[in-house]
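Here's the structure we're looking at; comments come further down.
Read-outs: derived from the displayed coordinates by stated rules, not from any lab. The structure presented is a predicted model; accordingly, all values stated were derived computationally and were not measured. Here the Cβ positions follow ideal geometry from the backbone for every residue, glycine too, while neighbour counts run over all protein chains shown.
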Amino acid sequence: MALPSKGRLEEPTLAFLSACGLTVEKANPRQYVARIPALPGVTVLFQRAGDIPLSVRDGGVDFGITGYDVVMERLDHDPQVMILHEALNYGHCDLVLAVPEAWPIETVDELAALAQSRAREGHPLRIATRFTNLVSRFLRERGIAEFHLVVSEGTLEVAPSIGYADLIADLTTTGTTLHDNRLKPLRDGVILHAQACLIANREALTARPGVLEVARQLVEFFEAHLRAEGHYMLFANMRGESAEAIAHRLFTQTDLGGLQGPTISRVYVREEDPGWFAIHIIVRKDRLNEAIRQLRTIGGSGVVVAPVTYIFEEEPPRWQRVLEQLKGSPGSPDRA
């Protein structure tokens, strides 16, 4: 599996895997090879984020985690590569068109009118970018046919100010860098919403059962962790005549916003006191304080709060989707 070796995705990817229980161990920080103890059959290789899609396509690696933006730019739905999970919830960014703040232009339609005017004068708009495929397709779909792309891997924000491009198409997270360089994104100029994603080589998935099994583990652990993010597990003790009576009290006197449940079980103590029960419920982070307050209001005590690491489903819909996409491929698994 290839992971980003540098840049904005390197540390967040390692942190994400660790949070999923798939910590990456590197014997030497200068090495480009590592392992994941929880997945003993997997070797980790560190590569440039932009090279990972090509390595997966060519079969040099079976899996890769990289940005959705580079996957779409380099591969554009190449049949050799499957996106197993397109939304790992980190590395968020937008590929946008940005023009100088002084321009009286706010929309792509206004940019199209300017492009026509410049083309008639023999000076097509110059756009600095490193996403030539995505930008070209977006512009042509919006009716802009006359333009010149200036390919640049460096700092694009200075291109309009020093004169080698009129505007830029680049990734932005907060827009601060654009603003600092007196640039503004067009209101409808978002070319692509992107974040980190998990990709795999289709042939490896169909030809090697071990690869398919690792894919299942990755998707299930990622989904279980992402589903659990932002949730807390609450335990509380409460007196009552029965578990049913306490459940009735919870449903009629509170609005806990629980994920499932509650689960209610008898608490056994040394002294004979059959009236104690334990309540177990999962709530969203934004409902935590309110849930604790409501539990106390109906007699809950000894409230314990713990973060939730995983919430596993019977079989994640994303994994079912992967199996559906593999149907019909040579050597595809005979799965329902």
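Spin-label model, Asp58 to Thr177: label points 7 Å out along the Cα-to-beta-carbon direction sit 2.7 nm apart. The distance from the alpha carbon centre of region 159-205 to that of region 213-259 is 39 Å, rounded to a whole number. For the chain, DSSP calls about 80 percent of its internal beta bridges antiparallel.
What angle do you read, to the nearest 10 degrees and between 0 and 90, between the alpha-carbon axis of helix 108-120 and the longest principal axis of the chain? Long axis of 108-120 versus the principal axis of the chain: about 10 degrees. For region 51-90, compute Rh as the Kirkwood radius over C-alpha pairs and then the Stokes-Einstein diffusion coefficient at 37 °C and 0.692 mPa s; write the answer in µm²/s, rounded to an integer. Result for D is 320 µm²/s. A viscosity of 1.306 mPa s and a temperature of 10 °C, combined with the Kirkwood radius over C-alpha pairs in the Stokes-Einstein formula, give region 177-288 a diffusion coefficient of 82 µm²/s.
Placing dummy labels 7 Å off each Cα toward the beta-carbon, the span from Ala113 to Arg187 is 1.3 nm.
Starting from the Cα of Ser5, move 7 Å in the Cα-to-Cβ direction to define the label point; list residues of region 39-54 whose amide nitrogen is under 13 Å from there. Only 45-52 fall inside the zone, counting backbone N under 13 Å. Using every pair of distinct Cα positions in the chain, the Kirkwood expression returns a hydrodynamic radius of 23.7 angstrom. The trypsin sites (Lys or Arg not before Pro) of region 194-249 include none that DSSP puts in a loop with a beta carbon having at most 13 other beta carbons within 10 Å. The length gained by stretching the chain between Ser18 and Leu45 to full extension, at 0.36 nm per residue less their Cα-Cα distance, is 8.1 nm. Peptide packing for 281-288, 53-60, 170-177 was compared via the average number of neighbouring C-beta atoms within 10 Å per residue; ordered from the highest value, the list is 53-60, 281-288, 170-177. Taking Lys and Arg as +1 and Asp and Glu as -1, the other residues whose beta-carbon sits under 11 Å from that of Val308 total +2. Residues Phe222, Phe46, arranged from fewest to most other Cβ atoms within 10 angstrom of their Cβ, appear as Phe46, Phe222. Given R0 = 56 Å, the distance between the Cβ atoms of Glu203 and Ser301 translates into a calculated FRET efficiency of 0.45. Between Asp255 and Arg35, the simple spin-label model (points 7 angstrom out along Cα→Cβ) gives 5.3 nm. With R₀ set to 25 Å, the beta-carbon distance separating Ser161 from Asp76 gives a calculated FRET efficiency near 0.20.
Its Cα gyration tensor gives region 1-152 an equivalent ellipsoid, and the semi-axes of that ellipsoid, as √(5λ) in whole Å with the largest first, are 39, 15, 13. Secondary structure note: in region 93-191, about 55% of the DSSP beta bridges are antiparallel. Averaging the Cα positions of each part gives two centres, and for region 64-92 and region 93-145 these lie 25 Å apart.
Per-residue extension of 0.36 nm, minus the Cα-Cα distance of Trp103 and Trp276, leaves a gain of 55.2 nm for this segment.
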